Amino acid sequence: LLSGDGFGVPYHTSTKIAAGDIRTVAVFGAGPIGLGSVMVQRFLGRTVYAVDVSPYRLELAARLGASQSISAVDADAVEQILAATGVDAAIEAAGRPETLKQCFRVVRPGGTVVLDGEQPAVPLSPSDDFIRRDVTAVGAWFYHFSEFGSELAMVRQGLRVEDLITHRFPLGEAEEAFRLFASGQTGKVILLAKR
């Protein structure tokens, strides 16, 4: 949990948007990385909007600290976030070109988009997406060993990273565990080997 996608990537992502004037963050994609980012950003005192297609994961995002969970199936997430005046930073954690484009639409002028989700080439306009809105975009890959002490410090200060774990399965039921995970019906899953 500490060094993987549950907390390692979200912590490293937080270092890309560490400025004190960032008060609002949208997280597109509520899989393990997105849910971890919801937890970290809320722990840092920020208002967090979580966007996903899975009702289960949106409910989990709310339990983990999202101020608002927005279904991309039932509503226009961009309109809802813009109605709340947009966000200072947006995190793309779904790995989908359409959610990356949405990140650029919801971030305020002068804001930052952080790319966590692996995806194919996405057409972006230097003028429309960056220059005319003074937007910065950065990538965040895994975490750095030098950050481990800071991650532990957050846990010791009360960040409950274990809340990302929603299911435990015996190793013999790994196929069912992966099926549930792939359908968006879990957070982090633990596979237990018998001793």
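The values are calculated or read from the model by the stated rules, or taken from the named source; none is laboratory data. Source: prediction; values computed, not measured. So basically every Cβ, Gly included, is an ideal-geometry build from the backbone, and we count neighbours across all protein chains shown. The accessibility values were calculated without ligands, DNA or RNA, using every heavy atom of the protein model including side chains. Shrake-Rupley method; radii C 1.70, N 1.55, O 1.52, S 1.80 Å.
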The residue from Asp76, Asp88, Asp52 that alone is within 22 Å of Thr166 (Cβ to Cβ) and among the charged types (D, E, K, R) is Asp52
Of Ala94, Ala90, the only residue that is of a type in the set (A, V, I, L, M) and in contact with a Cys (Cβ under 7 Å, 6 or more places away or on another chain) is Ala90
Condition set in contact (Cβ under 8 Å) with a residue 40 or more places away in the chain and hydroxyl-bearing (Ser, Thr, Tyr), scope segment 52-77, selection farthest from Ala26 (Cα to Cα): answer is Tyr56
Listed by range, strands (runs of 3 or more DSSP E) wholly within segment 1-71 having at least 2 residues that are surrounded by fewer than 21 Cβ atoms within 10 Å (Cβ to Cβ) and either at pLDDT 95 or above or in contact with a Gly (Cβ under 6 Å, 6 or more places away or on another chain) (or both) are 68-71
Evaluate the following for Glu173: is it within 16 Å of Ser37 (Cα to Cα), out of contact with any Ser or Thr (no Cβ under 7 Å at 6 or more places or on another chain) and not in a loop (DSSP other than H, G, I, E, B)?
no
Counted residues in segment 74-118 being basic (Lys, Arg) and touching a helix residue (DSSP H, G or I) at 6+ places or on another chain (Cβ under 7 Å) come to 1
Does Ala77 satisfy the condition of being more than 16 Å from Ala137 (Cα to Cα) and open to solvent by less than 20 Å² (accessible area, probe 1.4 Å)? yes
How many residues of segment 73-93 are closer than 23 Å to Asp134 by Cβ, out of contact with any strand residue (DSSP E or B) (no Cβ under 7 Å at 6 or more places or on another chain) and charged (D, E, K, R)? The answer is 1
Checked against (1) touching a Phe, Trp or Tyr at 6+ places or on another chain (Cβ under 9 Å); (2) closer than 29 Å to Phe178 by Cα; (3) open to solvent by less than 20 Å² (accessible area, probe 1.4 Å), Phe104 satisfies every condition except (2)
Val122 meets each of (1) touching a strand residue (DSSP E or B) at 6+ places or on another chain (Cβ under 9 Å); (2) open to solvent by 20 Å² or more (accessible area, probe 1.4 Å); (3) assigned to a loop (DSSP other than H, G, I, E, B); (4) of a type in the set (A, V, I, L, M) with one exception, condition (1)
When every residue in segment 78-95 that is outside any helix (DSSP H, G or I) and of a type in the set (Gly, Ala, Ser) is compared, the one farthest from Thr24 (Cα to Cα) is Gly95
Checked segment 176-195 for anything in a loop (DSSP other than H, G, I, E, B) and within 19 Å of Leu1 (Cα to Cα); matches are Gly184, Gln185, Thr186, Gly187, Ala193
